[in-house]
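S.K.: I have a structure here, written as structure tokens, and I will follow up with some questions on it.
The values are calculated or read from the model by the stated rules, or taken from the named source; none is laboratory data. The shown structure was predicted, so the numbers you read here are calculated from the model rather than taken from an experiment. Every residue, glycine among them, receives a Cβ derived from its backbone with ideal geometry; neighbour counts consider all protein chains shown. Side chains are part of the model used for accessible areas, which takes the heavy atoms of the whole protein and leaves out ligands, DNA and RNA. Shrake-Rupley method; radii C 1.70, N 1.55, O 1.52, S 1.80 Å.
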Amino acid sequence: MNPPSLPRREFLKGSALGVLAGPVLERIAGTRSRLAEEIAVLQDRSLAGMADQYSLDPKITYLNHASIGTIPIPVQRAHEAFLSLCEENPWLYMWGGAWEEPREDARRKVAAHIGCSSSELVFNHNTTEGFNLLASGLPLGEGDEVLFSSLNHIGASECWRHHGQRRGFSVRVFDFPMGEAEKMSRERLLELHAAAIRPETRVLVIPHIDNTLGLRHPLPELCKLAREKGVEYIAADGAQTIGMLPVNLAESGVDFYCMSPHKWLQVPKGSGLLYIRENRQADLRPWQVTWGQSRWKGSVRVFEDYGTRALPDLLTFSAAVDFHEAVGQERKAERLRKLWQHCMQVADSTDGLRWRSSRDWDLSCSLYAIEVEGKRSSEVANHMWEKHAAVFRAFGGDLNSMRISPNFYTSEAEIDHFFEIIKTEIIG
Ligand SMILES: Cc1ncc(COP(=O)(O)O)c(C=O)c1O
């Protein structure tokens with residue numbers, strides 16, 4: 001069922017609202033048409049030159065989009081316009097219904113962008129929150145098991161342990177062989193999951209793209225396998241995927257997909273998304289409830305039943321999708337593939353560097369691990385930040401790698417400069 005929104009007629013009916021409604025919708029339309037003008041030129045521009053669309057400090061080499069993204073300037077402007085509009089009459093926007101239609105427009109736009117129905121999409125805060133809802137709200141108990149590999153992020157793992165202790169279900173983690181990642185085949189990845197699933201496994205959690213190696217898990221094949229083995233609920237972690245690569249949730253086979261679009265879709269920080277397949281919604285109990293439970297009964301909005309919330313941030317989803325569609329999803333993915341290939345070539349041709357992620361683009365993405373042999377990754381990261389303002393995430397342990405995550409506007413020159421410093425100052 002589609003989320004109920006306040007119909008335009010009803011919205012226009014009240015006296016104060018009736019007077020204000022027209023101008024409000026006009027101003028939103030104005031913000032949208034300004035954005036449309038600003039981004040119309042993007043499809044004809046080269047992606048490599050689009051750093052001018054962002055506020056990133058040019059003194060910084062930003063190779064850490066996987067930790068947190070940066071919002072394009074045209075989207076920032078739209079966000080600022082929504083923030084200012086809200087402050088003119090906060091009641092009207094927060095509670096007066098003036099943003100009901102724009103909110104549902106944003107939901108429809110994002111849903112179309114990621115291949116699901118707007119009746120399956122929740123606006124929440126981030127991936128961690130999505131998984132907390134699942135761990136607290138799925139019908140699980142004694143004898144049930146939740147399974148995931150050691151690649152799973154803590155934000156998609158800890159909540160299962162926490163709620164499992166209270167509710168009686170168990171959590172099992174199987175070891176992902178990090179050393180095999182570089183040459184891992186799709187078949188081997190499926191084999192690892194097939195071997196790990198047991199009759200008591202009721203929930204399988206899959207990192208669509210994990211945050212250390214950037215291994216892109218093939219969701220349709222994994223879901224098929226898991227269903228054949230009797231797994232009831234499949235939840236994927238899409239924190240790294242949405243906005244980085246095209247996603248089609250209807251075809252993915254998953255029941256739940258938790259997202260942190262502040263990373264790659266570049267929406268305001270603290271704005272998240274959760275996909276709940278239509279036929280799974282009745283199985284899930286909301287974790288946070290207030291007046292919306294009766295008003296939104298039977299719709300996906302019962303899972304976003306907050307009180308006051310940052311509606312200007314939510315409206316900005318529309319602008320972010322417009323921006324990324326103007327850039328072009330396929331074009332962006334192709335540019336990211338080129339940068340991935342470029343980094344792999346640099347790693348392969350440099351003594352002292354070792355590529356640790358998959359060499360198959362279909363199992364990889366714009367997040368990869370490169371080891372500086374014989375050096376501690378945390379020390380490399382400190383040196384590169386303190387001396388050269390270069391930002392990336394370091395992972396220790398067996399991986400001991402730099403995690404590099406460029407975006408489509410990162411230039412080859414920046415990457416080459418970065419590795420040149422690593423060669424001369426770190427490898428020596
Ligand atoms: C794969 C993955 N899952 C989950 C998270 C947690 O994201 P958030 O803090 O936005 O909930 C991250 C954050 O880096 C991540 O990379």
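S.K.: If I filter segment 57-69 down to residues being open to solvent by less than 40 Å² (accessible area, probe 1.4 Å) and away from the ligand (no atom under 15 Å from the Cβ), which single residue comes out as farthest from Leu245 (Cα to Cα)?
M.R.: Thr61
S.K.: From the list Arg8, Arg108, Arg34, which one is modelled with pLDDT under 90 and open to solvent by 50 Å² or more (accessible area, probe 1.4 Å)?
M.R.: Selected residue: Arg8, the only one of Arg8, Arg108, Arg34 that is modelled with pLDDT under 90 and open to solvent by 50 Å² or more (accessible area, probe 1.4 Å).
S.K.: Which one of these does Asp105 not meet: (1) touching a strand residue (DSSP E or B) at 6+ places or on another chain (Cβ under 6 Å); (2) under 28 Å from Ala320 (Cβ atoms); (3) touching a residue at least 12 places away in the same chain (Cβ under 8 Å); (4) more than 14 Å from the ligand (Cβ to nearest atom)?
M.R.: Evaluating Asp105 over (1) touching a strand residue (DSSP E or B) at 6+ places or on another chain (Cβ under 6 Å); (2) under 28 Å from Ala320 (Cβ atoms); (3) touching a residue at least 12 places away in the same chain (Cβ under 8 Å); (4) more than 14 Å from the ligand (Cβ to nearest atom) leaves (1) as the failure.
S.K.: Can you tell me which residues in segment 197-224 are within 11 Å of the ligand (Cβ to nearest atom) and either of a type in the set (S, T, N, Q) or more than 19 Å from His153 (Cα to Cα) (or both)?
M.R.: Listed by number, the residues that qualify are Asn211, Thr212.
S.K.: For Ser358, all conditions in the list (1) open to solvent by less than 70 Å² (accessible area, probe 1.4 Å); (2) assigned to a helix (DSSP H, G or I); (3) in contact with a strand residue (DSSP E or B) (Cβ under 8 Å, 6 or more places away or on another chain) hold save one; what is the number of the exception?
M.R.: All conditions pass for Ser358, except number (2).
S.K.: Hey, any hits in segment 57-69 for a residue that's touching a residue at least 60 places away in the same chain (Cβ under 8 Å), farther than 30 Å from Phe392 by Cα, of a type in the set (Gly, Ala, Ser) and in contact with a Ser or Thr (Cβ under 8 Å, 6 or more places away or on another chain)?
M.R.: Taking every residue of segment 57-69 in turn, none turns out to be touching a residue at least 60 places away in the same chain (Cβ under 8 Å), farther than 30 Å from Phe392 by Cα, of a type in the set (Gly, Ala, Ser) and in contact with a Ser or Thr (Cβ under 8 Å, 6 or more places away or on another chain).
S.K.: Shifting gears a bit: State which residue pairs qualify: first residue more than 18 Å from Asp255 (Cβ to Cβ) and inside segment 270-291, second residue open to solvent by 50 Å² or more (accessible area, probe 1.4 Å) in any location, beta carbons under 6 Å apart, and separation of 6 or more residues or different chains.
M.R.: Short answer, once both residue conditions are applied: Gly270/His125.
S.K.: May I ask you to verify whether Gly143 is away from the ligand (no atom under 16 Å from the Cβ), touching a strand residue (DSSP E or B) at 6+ places or on another chain (Cβ under 9 Å) and small (Gly, Ala, Ser)?
M.R.: Considered against the rule, which asks whether it is away from the ligand (no atom under 16 Å from the Cβ), touching a strand residue (DSSP E or B) at 6+ places or on another chain (Cβ under 9 Å) and small (Gly, Ala, Ser), Gly143 comes out as yes.
S.K.: Going by what's in this entry, would Val173 be described as open to solvent by 20 Å² or more (accessible area, probe 1.4 Å), more than 20 Å from Arg403 (Cα to Cα), within 16 Å of the ligand (Cβ to nearest atom) and in contact with a Phe, Trp or Tyr (Cβ under 8 Å, 6 or more places away or on another chain)? Please lay out each step first, then the result.
M.R.: Numbers: open to solvent by 20 Å² or more (accessible area, probe 1.4 Å): yes; more than 20 Å from Arg403 (Cα to Cα): yes; within 16 Å of the ligand (Cβ to nearest atom): yes; in contact with a Phe, Trp or Tyr (Cβ under 8 Å, 6 or more places away or on another chain): yes.
Against the criterion (open to solvent by 20 Å² or more (accessible area, probe 1.4 Å), more than 20 Å from Arg403 (Cα to Cα), within 16 Å of the ligand (Cβ to nearest atom) and in contact with a Phe, Trp or Tyr (Cβ under 8 Å, 6 or more places away or on another chain)), Val173 qualifies.
S.K.: Still on this structure: Just the residues that are within 16 Å of the ligand (Cβ to nearest atom) and outside any helix (DSSP H, G or I), please, taken from segment 147-170. Talk me through it step by step, then tell me what you get.
M.R.: As a first pass, look at segment 147-170 and keep what is within 16 Å of the ligand (Cβ to nearest atom): 148-162.
Correct list: Phe148, Ser149, Ser150, Leu151, Asn152, His153, Ser157.
S.K.: A follow-up question, please. Can you go through Leu140, Leu134 and tell me which one is over 22 Å from the mean Cα position of the chain (by Cα), at pLDDT 95 or above and buried (at least 23 other Cβ atoms within 10 Å of the Cβ)?
M.R.: Leu140
S.K.: Right, here's the next one. Determine which single condition Glu182 fails, assuming it passes every other condition in (1) assigned to a helix (DSSP H, G or I); (2) touching a Lys or Arg at 6+ places or on another chain (Cβ under 9 Å); (3) of a type outside the set (S, T, N, Q); (4) open to solvent by 50 Å² or more (accessible area, probe 1.4 Å).
M.R.: Of (1) assigned to a helix (DSSP H, G or I); (2) touching a Lys or Arg at 6+ places or on another chain (Cβ under 9 Å); (3) of a type outside the set (S, T, N, Q); (4) open to solvent by 50 Å² or more (accessible area, probe 1.4 Å), only one is false for Glu182: (4).
S.K.: I'm trying to understand the selection: among the residues of segment 397-413, which are surrounded by fewer than 18 Cβ atoms within 10 Å (Cβ to Cβ), in contact (Cβ under 8 Å) with a residue 40 or more places away in the chain and either more than 30 Å from Phe176 (Cα to Cα) or β-branched (Val, Ile, Thr) (or both)?
M.R.: The answer is Ser411, Glu412.
S.K.: Still on this model: Residue check, Asn126 against (1) of a type outside the set (Gly, Ala, Ser); (2) open to solvent by less than 40 Å² (accessible area, probe 1.4 Å); (3) closer than 30 Å to Tyr368 by Cβ; (4) within 16 Å of the ligand (Cβ to nearest atom), all met but one. Which one?
M.R.: Single failed check for Asn126: (2).
S.K.: Of these, Pro268, Pro246, which one is modelled with pLDDT of 95 or more and farther than 20 Å from Ala112 by Cβ?
M.R.: Selected residue: Pro268, the only one of Pro268, Pro246 that is modelled with pLDDT of 95 or more and farther than 20 Å from Ala112 by Cβ.
S.K.: Ok, one more. Among (1) away from the ligand (no atom under 16 Å from the Cβ); (2) touching an Asp or Glu at 6+ places or on another chain (Cβ under 9 Å); (3) not hydroxyl-bearing (Ser, Thr, Tyr), there is one condition Arg227 misses while meeting the rest; what is its number?
M.R.: (2)
To keep it simple, each residue is scored yes or no on (1) open to solvent by less than 10 Å² (accessible area, probe 1.4 Å); (2) within 20 Å of the chain's Cα centre (by Cα).
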site	(1), (2)
Ala194	no, no
Thr201	yes, no
Pro207	yes, yes
Arg227	no, no
Ala235	yes, yes
Gly238	yes, yes
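S.K.: Return yes when Arg77 is farther than 25 Å from Gln240 by Cβ, open to solvent by 20 Å² or more (accessible area, probe 1.4 Å) and of a type outside the set (Phe, Trp, Tyr) and no when it is not.
M.R.: Yes: the conditions hold for Arg77.
S.K.: Kindly indicate whether Ala369 is under 25 Å from Pro218 (Cβ atoms), assigned to a strand (DSSP E or B), out of contact with any Pro (no Cβ under 6 Å at 6 or more places or on another chain) and not aromatic (Phe, Trp, Tyr).
M.R.: yes
S.K.: Taking only segment 376-396 into account, find how many residues are surrounded by fewer than 16 Cβ atoms within 10 Å (Cβ to Cβ) and assigned to a loop (DSSP other than H, G, I, E, B).
M.R.: Summing the residues that are surrounded by fewer than 16 Cβ atoms within 10 Å (Cβ to Cβ) and assigned to a loop (DSSP other than H, G, I, E, B) in segment 376-396 gives 3.
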